[in-house]
Amino acid sequence: MNFYRELFSWDFVATRGMQGATASYIAQLRGRDVGAVCPPLNIPNRGARWIKHVRVTSVSDTARTALAAGGQLLIEPFEVAPGGRMAILSDPAGATFAVAESSAGRAARLVNESQAWALSTLRTSAIKTAEDFYRALFGWKAQAVGNSGFSIYRLAGYFGGVPFQPVPRDTVAGMQLVAAESEPSHWEIDFWVDDVDGTAAHASSLGGIVMVSPQDTGLFRYAMIADPQGAVFTVSKMIGR
């Protein structure tokens, strides 16, 4: 936690953890929830990592739909505090994610700001399979962005993001085509920062590893970082913003 406290100025509040564990913490920025640090989950061959969460009305119903659509249920629905349930799933290509419901309404309360989560991007070689799976599961519709190999997932009726962003305000995620032999399918978690180069250098000084050096790509400057436990994330800033 010290890594993220120093890197993003996050505070941490102890809470009862997943499946009754005690060592779980809610990350906060200016008193608002931005993420969580939890004990390792019992998922084979998966170490420390950031896991994308999607809020749903019913975890059990969503898990059944995922299985019918070709996904896998890695961890059965279980109780989390306060007053919530969660399950860990993977899509047909193996990208892991979580679905959660909460009677307390707990979710990220600060997004699309510096030092907070901005977007998750599915990096996969199975584009058509992913389009079909997430449409069946969440109603997301994929839209290709030119010939870039990048697509956005849009959800009808959703309105989020920030003014003047380069994608529609109903965008809920991204999808990037990758070669199957280069990397396994996975969800990439991104945080916005004011200074990508400075954040990468700071992460390195804190014991992290800069896996992809700061560089410009399309409308963004970004870098890929692994924290001292090996959990990988990206930081980015919209160019000209």
Please list, in order along the stretch 171-184, the HN-Hα scalar couplings obtained from phi with the Karplus expression 6.51 cos²θ - 1.76 cosθ + 1.60 (θ = phi - 60°), rounded to whole Hz, x for Gly and Pro.
6, 10, 6, x, 9, 10, 6, 10, 6, 4, 7, 8, 6, x
Long-range amide H partners of Val145, meaning residues 5 or more apart or on another chain whose placed amide H is closer than 5 Å, are Phe150, Ser151, Ile152
How many nm is it between the label spots at Glu113 and Arg55, if each spot is 7 Å from the Cα in line with the beta carbon?
1.6
For Lys237, counting only aspartates and glutamates whose alpha-carbon sits under 17 Å away and dropping same-chain residues fewer than eight positions off, the answer is Glu113, Glu188, Asp190, Asp194, Asp195, Asp197, Asp216
I want to check the label-to-label distance for Phe159 and Ile209. Put each point 7 Å from Cα in the C-beta direction and report it in nm to one decimal.
4.5
Heavy atoms only, probe 1.4 Å: what % of the accessible area of the chain goes to carbon and sulfur, would you let me know?
51
Under the 0.36 nm per residue contour assumption, what length would be gained going from the current alpha-carbon distance of Ser182 and Arg46 to full extension?
47.2 nm
Output ³J(HN,Hα) for the stretch 52-64: one whole-Hz value per residue in order, computed from phi by the Karplus curve 6.51 cos²θ - 1.76 cosθ + 1.60 with θ = phi - 60°, and x for Gly and Pro.
5, 10, 10, 7, 9, 6, 9, 5, 5, 5, 5, 4, 5
Rolling a 1.4 angstrom probe over the protein heavy atoms, how many square angstrom per residue are accessible across the chain?
50
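The values are calculated or read from the model by the stated rules, or taken from the named source; none is laboratory data. Note that the coordinates shown come from a computational prediction; the quantities given were computed from them, not determined experimentally. FYI the Cβ positions are ideal-geometry reconstructions off the backbone, even for glycines, and counts take in every protein chain you see. Heavy atoms of the whole protein, side chains included, go into the accessibility calculation; ligands, DNA and RNA do not. Shrake-Rupley method; radii C 1.70, N 1.55, O 1.52, S 1.80 Å.
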